[in-house]
Amino acid sequence: MLRTPITLITGPLGSGKTTLLRHILAARPATIAIVMNEFGEIAIDTKVIEGKDVRIAELGGGCVCCSLLGEFETAVTEIMEKVVPEIIVVETTGLAEPEALVFNIQEALPQCRLDGVVSVIDADMLVRFPELGHTTRLQIEGADILLLNKIDLVDAKQIEPLETKLREINSTAAIVREKKIVPPEHEHQSEFESFTFSSDRTFFRDGFEGFADALPANVIRAKGFIRFRDGAQLFNFVAGRWELEPFEADRTELVFIGKNIAAEKSEILCALDKCQVNNDEA
């Protein structure tokens, strides 16, 4: 059974987590369940369904906002039974430490998989109040992606020192700069590039696993289907962490997303080619 991906969005109070959620809902054509402690601003004036462990508000387009009434694991199970979302996005409170939720997803929710932890960091606040609290530090340490928000409010010369400070706390997370999150109909210049790969040939599992381990640091996201000799697998890669799980597919289809990865494309494709089974080995 294909597991439902869960993305955690964390960060201090006022860093921009709810704004990011709105952008995800507006830009992502999928059935999304947003999970938060309280509805807040995102689900005002909507139809609310009362459940046992969760309160569900319909947002339109099949998407829902879910407010927890019971334990996290039982609430997620109820959401999956009632809504059957393609994606679950969990917004933690500004005081939450993500490590416990990560553990719960990995250990207590076998029908789900952790897709990544995004920590939203307010650049302006970090400049004005440079001393990090215990919880904020843990939110930075536990992230796969650090979204440096509100950089238009700080001097351009202050951004590099901020990123250096974040890297000292978390050296493996991808750092993404974001001036402001705007609706998709507005022009928004992205610093990300992407490319795709497809093949009808099969791949050596060991070779591909080594390839995934060696992907360059500027590849932030990769996903798709990979065909091995013992069957196809769904490949999910987020900021250095990756996993495979069984999936029905008749060919290999992969997409790579990252910062300035066009320069890495030929090297990545060459490494992929070395993982393919030759016709005389098939």
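Of everything in the stretch 231-273 that is assigned to a strand (DSSP E or B) and among the aromatic types (Phe, Trp, Tyr), the residue that is farthest from Asn218 (Cα to Cα) is Phe235. Ile226 fulfils the conditions (1) open to solvent by less than 60 Å² (accessible area, probe 1.4 Å); (2) not in a strand (DSSP E or B) except for a single criterion, (2).
When the stretch 163-196 is filtered for residues that are open to solvent by less than 30 Å² (accessible area, probe 1.4 Å), at pLDDT below 85 and under 14 Å from Ile261 (Cβ atoms), only Phe195 remains.
Would it be correct to say that Lys82 is over 17 Å from the mean Cα position of the chain (by Cα), at pLDDT 80 or above, farther than 30 Å from His134 by Cβ and of a type outside the set (A, V, I, L, M, F, W, C)? Give the steps one after another, and end with the answer.
On the way: over 17 Å from the mean Cα position of the chain (by Cα): yes; at pLDDT 80 or above: yes; farther than 30 Å from His134 by Cβ: yes; of a type outside the set (A, V, I, L, M, F, W, C): yes.
When the stated conditions are applied, Lys82 passes them.
The C-beta contact set for the stretch 101-128 (first residue in contact (Cβ under 8 Å) with a residue 40 or more places away in the chain, second residue of a type in the set (Ser, Thr, Tyr) and assigned to a strand (DSSP E or B), distance under 7 angstrom, 6+ apart or interchain) comprises Gln111/Thr4; Cys112/Thr4; Asp115/Thr7; Gly116/Thr7; Val117/Thr10; Val118/Thr7; Ser119/Thr10.
For the stretch 123-150, residues that are open to solvent by less than 20 Å² (accessible area, probe 1.4 Å) and over 26 Å from Pro5 (Cβ atoms) total 2. Can we say Val238 is surrounded by 12 or more Cβ atoms within 10 Å (Cβ to Cβ) and closer than 15 Å to Ser194 by Cβ? Answer is yes for this residue.
Applying a threshold of 6 Å to beta carbon distances and a minimum spacing of six or more residues, or different chains, the list of pairs starting in the stretch 230-241 at a residue that is at positive phi and ending at one that is assigned to a strand (DSSP E or B) and open to solvent by 20 Å² or more (accessible area, probe 1.4 Å) reads Ala239/Ile145. The number of residues in the stretch 257-275 being closer than 14 Å to Ser199 by Cβ and in contact with a helix residue (DSSP H, G or I) (Cβ under 8 Å, 6 or more places away or on another chain) comes to 5. Annotation note: Cβ proximity below 7 Å between a residue of the stretch 258-282 that is under 18 Å from Ala212 (Cβ atoms) and a residue that is modelled with pLDDT of 90 or more and open to solvent by less than 10 Å² (accessible area, probe 1.4 Å) (sequence gap 6+ or interchain) occurs for Cys275/Phe203; Cys275/Phe208; Gln276/Phe203; Val277/Phe203. Could you tell me whether any residue of the stretch 87-102 is open to solvent by less than 40 Å² (accessible area, probe 1.4 Å), over 26 Å from Pro216 (Cβ atoms), assigned to a loop (DSSP other than H, G, I, E, B) and of a type in the set (Val, Ile, Thr)? Yes, the stretch 87-102 contains a residue that is open to solvent by less than 40 Å² (accessible area, probe 1.4 Å), over 26 Å from Pro216 (Cβ atoms), assigned to a loop (DSSP other than H, G, I, E, B) and of a type in the set (Val, Ile, Thr). Out of Ile44, Ile56, Ile34, Ile9, one residue alone is at pLDDT below 80, aliphatic (A, V, I, L, M) and open to solvent by less than 20 Å² (accessible area, probe 1.4 Å). It is Ile56. Quick check on Arg205: is it surrounded by fewer than 18 Cβ atoms within 10 Å (Cβ to Cβ), within 24 Å of Ser15 (Cα to Cα) and at pLDDT 85 or above? No: the conditions fail for Arg205. Pairs are defined by a Cβ separation below 7 Å, a sequence spacing of at least 6 or placement on different chains, a first member in the stretch 190-219 that is over 16 Å from Glu245 (Cα atoms), and a second member that is part of a strand (DSSP E or B) and of a type in the set (Asp, Glu); the pairs so defined are Ser198/Glu253.
The values are calculated or read from the model by the stated rules, or taken from the named source; none is laboratory data. All values derive from a computational prediction rather than experimental measurement. Virtual Cβ from ideal backbone geometry, glycine too; neighbours counted across all protein chains shown. Please note that ligands, DNA and RNA were not included when accessible areas were found on the heavy atoms of the full protein model with its side chains. Shrake-Rupley method; radii C 1.70, N 1.55, O 1.52, S 1.80 Å.
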